[in-house]
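**Student:** Below you will find the structure I want to go over with you.
The values are calculated or read from the model by the stated rules, or taken from the named source; none is laboratory data. This is a predicted model, so every value here is computed, not measured. Neighbour counts are summed over all protein chains in view; Cβ atoms, including those assigned to glycine, are modelled from backbone coordinates with ideal geometry.
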Amino acid sequence: MGRHDAAVHRFLASLNASPDEAEDALQECFVGAWRGAATYRGGESARGWLFAIARNALRRHHRRRVGEPEDLVSLEELGERAGWGTTDDALGSIEARETLMWVLDQLGEEEREVIVLRDVEGFSGEETADILGLGVAAMKSRLHRARLRLMAALRERERRDHA
């Protein structure tokens, strides 16, 4: 617990959990890990296993309501918003943690999860897919869409800031 609690808590907080929700999910994660220790498969990383337990604990708090659609935007539109075909480097403008947190807040929960696990926490593609309960191809698709949304949100913020 001492080795992984800060990273798991950071992951939960990055998923827009309130401080209380993050703390509750963290506690549920470690209680669940303790109870499920016998089911741990040594082939996966313990860290990844804990992140999956934490993610599921938080999801139990945030279950989407039946019929509640997620914002669906075409890949082409996301690509245009992200600046496909332009030569400027929008990522170079991320100068402060506040900007990064603002951009992450613009993403949906599933997109934020995959970005944080893969790009912030540094899990491999296979580990990320396993934590999210997805196949590798589905995880890559979700990651691609999430990165496009992240870039689109960043570019939109830059346009507003320079207007």
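**Student:** How many of the residues making up segment 143-163 are surrounded by 16 or more Cβ atoms within 10 Å (Cβ to Cβ) and under 15 Å from Glu80 (Cβ atoms)?
**Tutor:** 10
**Student:** Considering only residues of segment 128-142 that are in contact with a Leu (Cβ under 8 Å, 6 or more places away or on another chain) and not hydrophobic (A, V, I, L, M, F, W, C), which is surrounded by the most Cβ atoms within 10 Å (Cβ to Cβ)?
**Tutor:** Thr128
**Student:** Here is a list: Gly92, Gly122. Which entry is loosely packed, with under 15 Cβ neighbours inside 10 Å and either at pLDDT 90 or above or not in a helix (DSSP H, G or I) (or both)?
**Tutor:** Gly122
**Student:** Then there's this: Does Arg147 qualify as being modelled with pLDDT of 70 or more, among the basic types (Lys, Arg) and not assigned by TED's automatic domain parsing to the domain that holds Gly36? Talk me through it step by step, then tell me what you get.
**Tutor:** Details: modelled with pLDDT of 70 or more: yes; among the basic types (Lys, Arg): yes; not assigned by TED's automatic domain parsing to the domain that holds Gly36: yes.
The answer is yes for Arg147.
**Student:** Residues in segment 1-48 that are assigned to a helix (DSSP H, G or I), under 26 Å from Leu107 (Cβ atoms) and among the hydroxyl-bearing types (Ser, Thr, Tyr): how many?
**Tutor:** Here the count works out to 1.
**Student:** Please verify whether Gly108 is crowded, with 17+ Cβ neighbours inside 10 Å, modelled with pLDDT under 90 and outside the structural domain of Asp24 (by TED's automatic domain parsing), treating the condition exactly as stated.
**Tutor:** The answer is no for Gly108.
**Student:** With the requirement that a residue be surrounded by 13 or more Cβ atoms within 10 Å (Cβ to Cβ) and of a type in the set (D, E, K, R), what does segment 1-31 give you?
**Tutor:** Those that are surrounded by 13 or more Cβ atoms within 10 Å (Cβ to Cβ) and of a type in the set (D, E, K, R): Asp5, Arg10, Glu21, Glu23, Asp24, Glu28.
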